[in-house]
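The numbers here are math on the coordinates, done by the rules we state, and not lab data. Computed from a predicted structure; not experimentally measured. No Cβ is skipped: glycine too gets one built from the backbone with ideal geometry, and neighbour counts run over all protein chains shown.
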Amino acid sequence: MSYSPNTPEDIREMLAAIGAASVDELFAPIPAELRAQSFALPGGMSEMELLRRMKELAGNDRPLIGFIGGGYYDHYIPAVVDHLSGRAEFYTAYTPYQPECSQGTLQALFEYQTIICRLTGMEVSNASLYDGGTALAEAAMMALRVTGRNRLVIDAAVNPFSREIVRTYLTNLGVEIIEISSKNGLVDRQALTAALTDQTAAVILQNPNFFGTVDDLSDIATAAHEKGALLITSVYPISLGMLKSPGAMGADIVVGDGQSLGNPLSFGGPSFGFIATTKKYIRNLPGRIIGETLDRNGKRGFVLTLQAREQHIKRHKATSNICSNQSLCALRGLIYLTSVGREGLVELARLNYDKAEYAKGVLGAVKGVQLLNAVPTFNEFTLVLAKDAAAVVRQLLDSGVAAGVPLGAYYEGMDNCLVVTVTEKRTKEEIDALAKQLEAAL
Amino acid sequence: MKLIYEKSVAGRRGLKLPASDVPRAADLPKNLVRQESAGLPEVSELDLVRHFTNLSRRNFSVDTNFYPLGSCTMKYNAKITENVAPLFADSHPMTALLPGGESSSQGALGLLFELGGLLAEITGMDEVSCQPLAGAHGEMTGIMLIAAYHRAKGNRKKYVIVPDSSHGTNPASAAMVGYEIITIPTAPYGDMDLDAFRAAMNGEVAAVMMTCPNTLGLFNPHIKEICDIAHEHDALMYYDGANLNAILGKVRPGDVGFDVIHVNLHKTFGTPHGGGGPGSGPVGVKKELIPFLPTPRVIMQANGSFALETSNPQSIGRLANFFGNFGVMVKAYAYIIMLGREGLIEVSEQAVLNANYMMAQLKGHYDVPFDLTCMHECVFSAARQLKHGVHAIDIAKYLIDRGHHPPTVYFPLNVKEAIMIEPTETESKETMDAFIAVMIEAAEMAEKNPEVLHEAPLTMPVSRLDETKAARDQNVCFGPW
Amino acid sequence: METYFTKEHEWVKIKEGVASIGISEHAAHELGDITFVELPQMGKVVKQFEALAGIESVKAASDIYAPLSGKVIKVNEALNDTPEIVNEAAEDAGWIAWLEPADLAELKNLMSRADYDTYLKGLE
């Protein structure tokens, strides 16, 4: 059952038109010694059987009450997002190479680019990248191209997975990466300025950072610019309903992961990465970009533009090898933000913030629990436990709760530290329960 | 059609949020908060729904039109596969990375492991990593694996060889890994010139990137020899799986001699294209390269449970936040187990049959740069029509007016006025005949009435958009806000 | 004034010891509407046939190679705002850069206009 409609009669007719005796004959150009040595796959199944099998598989995943983030956030997705992005004209279309019959996708992506600019306070955005981590790597490569330098300074409080991705991307390119250790969840400004030289292409920070700390990076932007370096910031989009935008801080390139914007957790993907910058760097942006124009009758329309940057034209000199972006996920992000709306995002950010502040208070009051620091946070914060955090998390998993991300695996000397994430989906009851569970475990 | 911003009215709300069940906390210091809320749209839910519903109706799509884009494999996306993806919607990826968390993610980890195994068997490779997020990402990952292999052996390699018919992502990916590109021209028999290849091959070549069948839809008769020549110089063979739809169950790149491959789940394995993503580009390797696979690696333990290996010292590192585009993988996994062995073999047979049928019916009307049995796609040239001043793009625009999405045009680059048609196995003879009739009509019109083709399209919301103006104006964001 | 051409479709004219360079009408026509010219850096030193600058159209991107060895002493800033000048007058107002030539004897490696026209016919 391959979804091929060809009946034996169809096959006969087509073979006659081709002048071949059998379908096998069409494979004749392939020498016998190159034929598959094995194709040991199970037999197929009906839809009904498939559904049963998939439900069985999914049933092996245990649902947990999640106070975990690590770059992916459990936010409520409005019903309109599935409903509209599930329209076949959106999801079974291809990349809009023929603009006249793709104005749906093209206009949606133009609106997406606009929304990213408005959210981040930047001037231009592309039509999405794969995810937040690869977007950060692409931003780093962009800064290297723009400045012609080959050194990067990166704050260790940037998501550890994203930092790994940056390193992986740059492995073969002879780039020096200087990592600045955090001081108690805060960027070590002294060490950062010391590392910043006129050979630095960019300084890379995350706001809020992996520990949850919220900061104003404007002074770092100034310091970087004085040395001719760029400021790259990775941001958490929901937080931008409340926090100062990276554009307002003077960032040159802004990236982040769009999962929290209408894309389900789905065990890690798909989501999308966003990248935004100032007008002067537009030609250095990787990936697809949609531009506004007029048609032959003066009507407004949208097209893929500045394609000369991309792989299908520039090949090995392209700004990036990226071809597919994450169009449908970006569309979901646009629909999500439109549904939540201007005032809604402010309210949503407030909900997240208030609940996290409440959790900070309640959890911080538990015996054996302290806050890592007293700095401002948004919806994530770091606790210091009297016991090994990994052991506590393991224990609490049995009660069906993922209490937080223990930092021992990612930061040396932080075995007792736990990053707790609170979104609008967490209730007061769940937070109070977590406090009791923590108390029992410590 | 107006932009959503042009439909916004201050104060309009969409989603209703719940009230807070906790007290309002003290505000953050002023220097940390934004002074003005972000200029997001302000529309009612009905206006939102109308806007996006009407936008969607401006698209051609597989579910509405024949969409024979060569090299893209626009096959039907089975709806049941759409239904099963949400079964994993609430699985948090971080769970599996928590201490003791793997036991709460056995479903997802199991699917990842099984899918890797199925893809390895389909392609004849020893292990597959599903982490790369798209085909091009898989290509880059594959070349990084090759670079790691050479580094571990102490080999000094500078070059990657690609044929001139290759997809742009091939040389772009190799360049991202720091290699220089050597391009080999296409021979009259339609594939990489073997003599030129032999001459270019030397001890400094790290890899050769090929796709088979190639972007002309032709199976390279010398492919085994090419693999042998490369291996003699310790250059590894990379297989771009974009055209795997032609050979499912017939040929396995691993058997032929390829060392590293990637597959496109959104092409061969029927996951939807989404208007340009998300895709998924799993990478397969022969056992010599297993030590370098990306982190984390999904393994099955002795007791049959699934776990993550996160501390492999030789791994090239991480290419994605977590495990890859899992939601896409669920659909591909469902597709593979639903079709099963016989179903997958039928895919390549019917795909190749359909493409040869198109070739047979159209070759009298369009130039054929390489008159050979094609595989799953066929390439024509509009050179004959150009004599009357009609370009491939004009034919494409005419097809739009007649309700068909055009085939790929102007690719591959080594064919003038290229038209690449890939019907896929899911199209019926009636659909193909309707398309063939319009193509023949267009060919006739090119001779008798070329102005009609230049006027096209007339039935769409816009016609012949000024791409020069777009590139010069660089208007990529709607302002002001 | 004699115009010399390269196989890669660049031209060079010498006036008072200064080499003015650009891309040929043929090249401009092949590229289509020019959308961007990546001008070389002032003071850049190049060898004959080395990559000097870049040019982009909607559907293509090309390197521009130096017809002669020399140092860049002037660039056509007007092309930043109006790259279409290259389409309008590729061999005149659409000049890209001026070089201080290192060795005029290198002109012997280039084609005269007549030879270039013959060369173009051969390419068809």
Handout entry: Packing rank of B:64-71, A:99-106, C:109-116, A:223-230, where each peptide gets the mean count of other beta carbons within 10 Å, highest leading
Key = A:99-106, B:64-71, A:223-230, C:109-116
Practice task
Can you tell me the dipole magnitude for segment B:373-467 around its Cα centre, using point charges on the Cβ only (Lys, Arg +1; Asp, Glu -1), in Debye to the nearest 20?
Solution key: 260
Completion exercise
Taking chain A, the equivalent ellipsoid from its C-alpha gyration tensor has semi-axes in Å, biggest first, of 41, 31, 23
Exercise for the section: Can you spot the lysines whose alpha carbon is less than 26 Å from B:Lys79's alpha carbon? Ignore those fewer than 8 places along the same chain. Expected result: A:Lys55, B:Lys267, B:Lys331, B:Lys429
Completion exercise
If one builds a Gaussian network model of chain A from Cα atoms under 10 Å apart, the most fluctuating residue listed among A:Asn297, A:Asn321, A:Asn126 is A:Asn297
Handout entry: Distance violations [Cα-Cα > 22 Å] among C:Lys15/C:Lys44; A:Lys299/B:Lys416; A:Lys355/B:Lys30
Key = A:Lys299/B:Lys416
Handout entry: Residue exposure sequence - B:Cys227, A:Cys117 - by fewest surrounding Cβ within 10 Å
Key = B:Cys227, A:Cys117
Practice task
Could you size up the charge dipole of the protein assembly as shown around its Cα centre, putting +1 on the beta carbon of Lys and Arg and -1 on that of Asp and Glu, and report it in debye to the nearest 20?
Solution key: 2160
Handout entry: GNM flexibility winner over chain A from A:Glu310, A:Glu25, A:Glu357 (Cα, springs under 10 Å)
Key = A:Glu25
Problem - Farthest toward positive dipole pole in the protein assembly as shown [+1 Lys/Arg, -1 Asp/Glu at C-beta], among A:Met141, B:Val352, C:Val75 - result: A:Met141
Exercise for the section: Under 10 Å from the Cβ of A:Asp24, count the other residues' Cβ atoms, weight Lys and Arg +1, Asp and Glu -1, and hand me the total. Expected result: -1
Exercise for the section: Work out the mean other chain Cβ neighbour count within 10 Å for the residues of B:347-356 and drop it here as an integer. Expected result: 6
Exercise for the section: Just check chain B against the gyration tensor rule for me: Cα atoms, a ≥ b ≥ c as the square roots of the eigenvalues, rounded for a/c under 1.5, and otherwise prolate or oblate depending on whether a/b exceeds b/c. Expected result: oblate
Completion exercise
Here the net charge surrounding B:Met144, from other residues whose Cβ is less than 12 Å away from its Cβ (Lys, Arg +1; Asp, Glu -1), is +2
Fill in the blank from the handout: D (µm²/s, integer) via Stokes-Einstein for segment A:179-301, Kirkwood Rh across alpha-carbon pairs, 10 °C, 1.306 mPa s: value 97
Exercise for the section: Quick one: angle between helix A:132-147 and the longest Cα principal axis of chain A, in degrees between 0 and 90, rounded to 10, please. Expected result: 90
Handout entry: Fraction of antiparallel bridges per DSSP, segment A:79-336 only, in percent to nearest 5
Key = 40
Fill in the blank from the handout: Of all C-alpha pairs within the protein assembly as shown, those more than 49 angstrom apart amount in percent to 23
Exercise for the section: Considering Cα pairs under 8 angstrom that are at least six residues apart, work out the relative contact order of segment A:79-336 and quote it in whole percent. Expected result: 27
